[in-house]
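Asks: This structure is in structure tokens; I'll ask about it shortly.
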Amino acid sequence: MTQGTWRKWMLSATVATLATLPVLAQETKYEVVIQGVEDHPNLSRLLHEVSSLVELKAEPPPSPIGLGRRADADLERFRAALRSEGFYDAIVNAEIDVDVVPAKVLILVEEGARYKVSAVHLSGPNGAALPDGAPAPEALGLAIGSPARAPDVVDAEGRILPRLAERGYAYARLLDRKLVVDHATQGMDVTYLVDPGPKVAFGAITFNGLDEVSERAARRRLPWREGMQYHPATMEEGRQALADLGVFSSVRLRLADQPTEDDKAPVLVDLAEREMNYVGFGADYGTEDGFGANAYWGDRNLMGNAEKLRVDASVAGISRRGETNASEFDYRLAGTYQQPDFLSRNQSLNLSAEALSERPDAYRRQALVLTGAVERKLAKGLKASLGVTAEQSHIEESTQTTKNTLVGVPFAITWDKSNDLLNPTQGFRLAGAVTPYLAAFGDSNSFTIARVEGRTYFDFKDDGWYVGALRGVYGAVIGGGLLDVPADKRFFAGGGGSIRGYGYQEVGPRDSNGEPLGGVSLLELSAEMRVKVTENIAVVPFVDAGNVYTTEYPKLGQGLRYAAGIGGRYHTVIGPIRLDVAVPLNKRDGDKAFQFYISIGQAF
């Protein structure tokens with residue numbers, strides 16, 4: 001008796017036996033047990049998912065005969081599921097006991113040997129070899145010797161056309177798929193028939209949806225020219241470059257349905273423009289810093305080529321130290337202009353003008369600052385800038401008053417490999433800046449400021465619910481003593497974006513009146529654990545440490561200031577709203593017992 005005949009006889013005997021039983025007047029409630037796959041959780045889960053016995057358990061059949069029919073239908077489902085996982089010799093039987101209440105349905109599974117992928121073939125029409133060769137089975141996720149799983153065969157099929165597109169065959173088509181299962185060798189041969197079509201180059205570009213933005217501004221963002229070999233990654237780079245302009249709400253790039261006679265692929269670019277003018281405002285509060293507010297207006301497309309203009313106005317220090325006199329608040333008015341693709345693609349011109357009057361504890365400053373810089377994208381996430389800045393300032397301290405005319409040459413480089421701008425959970429960010437200042441006129445000396453900062457993020461469960469974050473900052477002023485450097489160019493620490501738990505700028509040396517002096521070197525360290533308690537709410541315990549020093553290099557023997565606290569985050573579409581409470585762990589006379597901060601965005 002063959003194996004197939006034996007399976008059919010077993011099931012027929014079971015149904016025949018059930019047919020001789022009296023038909024019950026009430027429903028036949030039952031339990032289902034699947035034996036033989038306890039050591040294979042994924043296989044067990046699959047059999048439970050395909051089983052109508054399991055799915056319809058809450059709707060029992062009206063008689064034992066109905067239960068037998070339900071089990072009969074399940075046996076073929078189980079065999080098909082086992083074959084899909086590579087178990088082509090599996091044996092499945094059902095035993096039904098209706099003498100107990102509820103009835104018991106026992107499914108017995110012998111999965112047998114798991115078949116392997118023995119060969120993978122890709123060929124063109126009529127069996128012709130593919131031009132440029134076929135993708136390797138490993139590249140399709142169907143390695144020789146891997147389990148002969150139907151889902152893997154289907155997934156591999158979905159990878160064929162993208163792999164061919166990467167070789168320039170953008171119009172390739174899948175014609176057929178053939179599987180041959182050899183029971184003698186327990187192997188499966190897979191054959192895919194493909195029409196590769198022509199190897200194409202980029203063709204003419206057509207833009208749809210442009211109204212206020214010029215076609216020239218959009219066209220120069222694309223990283224290819226007509227005649228270059230097609231590659232889908234180049235298309236995606238162009239899509240992202242157009243999105244980065246900030247003037248489109250949606251960007252879609254697609255190829256025409258058919259290539260041209262000279263084997264070029266026309267590109268259709270579908271764009272939807274954003275509202276070009278925008279306004280906004282914000283607010284923050286710190287127990288030491290007081291209230292602050294800001295407002296801004298901007299134009300994303302000033303002259304039709306995605307040039308950006310933004311004007312910001314802010315006031316801060318309201319109620320700082322109980323101050324209510326408006327003349328003692330901090331004020332800032334600034335304008336920034338950005339021209340994308342300045343002289344070259346991926347290079348922008350940034351201009352800014354800033355007038356400010358600020359009164360922190362350490363000094364009083366009035367200044368006018370003009371800056372121009374060229375920023376260039378060097379690689380994905382990596383960019384650098386070089387510019388020139390001119391500044392005229394009047395600064396009052398408890399020990400001196402200076403007038404300064406400075407010309408600086410700022411150079412900066414940033415490397416951002418984090419996964420999100422506003423709420424990173426993985427990756428890192430590195431930033432470095434060096435600015436030599438020439439004191440052409442005024443009371444200060446020439447000097448150079450250098451600063452490096454690193455941040456890294458760890459998502460411990462890869463779901464954003466348990467995220468560790470670390471931050472380190474080092475800075476130094478080279479070529480100037482403490483009082484030779486204007487107060488606003490010295491390093492200060494303390495406050496919501498620095499060492500929380502201490503007042504704004506209040507970490508470091510003080511003068512004879514107890515006011516912060518600042519320093520010419522800086523060290524800051526921070527660690528956070530961001531733990532979500534709901535989808536939108538997180539609790540954040542943190543520790544900060546650091547200090548500023550009057551020497552060119554930090555003297556760690558002078559110790560660090562430590563602070564610890566706990567915060568809350570409410571995640572919104574515009575970023576997390578942050579609330580932090582921190583206490584100094586080794587406070588000095590004059591330091592408050594705690595500090596309280598509210599703002600938008602993570603601390604770092």
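The values are calculated or read from the model by the stated rules, or taken from the named source; none is laboratory data. Here the structure is a predicted model, which means the values were calculated and not measured. As a convention, Cβ positions derive from the backbone with ideal geometry for all residues, glycine included, and neighbour counts pool all protein chains shown. Note: accessible area is taken over every heavy atom of the protein model, side chains too, but ligands, DNA and RNA are not part of it. Shrake-Rupley method; radii C 1.70, N 1.55, O 1.52, S 1.80 Å.
Asks: Using a simple spin-label model with points 7 Å from Cα along the Cα→Cβ vector, what separation in nm is obtained for GLU275 and GLN347?
Replies: Each label point lies 7 Å from its Cα, and together they span 3.6 nm.
Asks: Let me ask something else. Calculate for the chain the 222 nm mean residue ellipticity that helices alone would give, adding -39,500 (n - 2.57) per DSSP H run of length 4 or more and normalising by residue count, nearest 500 deg cm²/dmol.
Replies: Helix contribution divided over all residues of the chain: -4500 deg cm²/dmol.
Asks: Taking R0 as 51 Å, what FRET efficiency do you get between VAL434 and SER44 from their Cβ-Cβ distance, rounded to the nearest 0.05?
Replies: Given R0 = 51 Å and the Cβ-Cβ separation, E is 0.25.
Asks: Now for a different question. Normalising by the residue count of region 443-522, find the relative contact order in percent from Cα pairs under 8 Å and 6+ residues apart.
Replies: 27
Asks: With a 1.4 Å probe and all protein chains left in place, how much accessible area per residue does region 197-352 have, in Å²?
Replies: 51
Asks: If you roll a 1.4 Å probe over the chain with all protein chains in place, what percent of the accessible area is carbon or sulfur?
Replies: That share works out to 56 percent.
Asks: Averaging over all projection directions, find the projected area of the Cα convex hull of region 209-331 and quote it in nm² with one decimal place.
Replies: Projected area, direction-averaged: 10.6 nm².
Asks: Ordered by residue, what ³J(HN,Hα) values in Hz, to whole numbers, does region 77-90 give under the Karplus form 6.51 cos²θ - 1.76 cosθ + 1.60, where θ = phi - 60° and Gly and Pro are x?
Replies: My calculation for region 77-90 gives 5, 4, 5, 5, 5, 5, 5, 5, 9, x, 9, 7, 9, 5 Hz in order.
Asks: Just to confirm, what accessible area per residue do you get for region 18-112 at 1.4 Å probe, in whole Å²?
Replies: That works out to 53 Å² for each residue.
Asks: Sticking with this one: Could I have the simple spin-label model distance between VAL100 and SER446, label points 7 Å from Cα toward Cβ, reported in nm to one decimal?
Replies: Distance between the two pseudo-spin positions: 9.4 nm.
Asks: Let's test the formula: R0 of 51 Å, r as the Cβ-Cβ distance of ILE478 and ARG254. What FRET efficiency results, to the nearest 0.05?
Replies: The formula returns an efficiency of 0.40 here.
Asks: Straight-line reach from LYS29: which lysines fall under 22 Å, measuring Cα to Cα and dropping same-chain residues less than 8 apart?
Replies: Correct list for LYS29: LYS57, LYS104.
Asks: Over region 494-603, what relative contact order in percent results from Cα pairs under 8 Å that are six or more residues apart?
Replies: For region 494-603, the relative contact order is 25 percent.
Asks: So what's the gap between the Cα centers of region 147-174 and region 87-104, to the nearest angstrom?
Replies: One Cα centre to the other: 40 Å.
Asks: In percent, how large is the relative contact order of the chain, given Cα pairs closer than 8 Å and 6 or more residues apart?
Replies: Here the relative contact order equals 6 percent.
Asks: How much length is gained on full extension from GLN366 to THR191, taking 0.36 nm per residue of separation minus their Cα-Cα distance?
Replies: Fully extending the segment from GLN366 to THR191 adds 55.4 nm.
Asks: If you don't mind, another one. Among rounded, prolate and oblate, which fits region 466-509 when a ≥ b ≥ c are the square roots of the eigenvalues of its C-alpha gyration tensor, a/c under 1.5 means rounded, and a/b larger than b/c means prolate?
Replies: Oblate, because a/c is 1.5 or more while a/b does not exceed b/c.
Asks: Any of LYS264/LYS383; LYS532/LYS592; LYS199/LYS377; LYS308/LYS380; LYS555/LYS587 with alpha carbons more than 27 Å apart? Name them for me.
Replies: Distance filter (> 27 Å) returns LYS264/LYS383; LYS532/LYS592; LYS199/LYS377.
Asks: To the nearest 0.05, what FRET efficiency results for GLU31 and LYS461 with a Förster distance of 41 Å applied to their C-beta separation?
Replies: 0.70
Asks: So what is the accessible area of region 448-595 per residue, in Å², with the probe set to 1.4 Å?
Replies: With the other protein chains kept in place, region 448-595 gives 43 Å² per residue.
Asks: How far apart, in nanometres, would the label points at SER418 and ALA293 be if each is projected 7 angstrom from Cα along the Cα-to-Cβ direction?
Replies: 2.9
Asks: Excluding residues fewer than 8 places away in the same chain, name every one of the lysines whose C-alpha is closer than 20 Å to that of LYS178.
Replies: LYS116
Asks: Among rounded, prolate and oblate, which fits region 321-421 when a ≥ b ≥ c are the square roots of the eigenvalues of its C-alpha gyration tensor, a/c under 1.5 means rounded, and a/b larger than b/c means prolate?
Replies: The shape class here is prolate.
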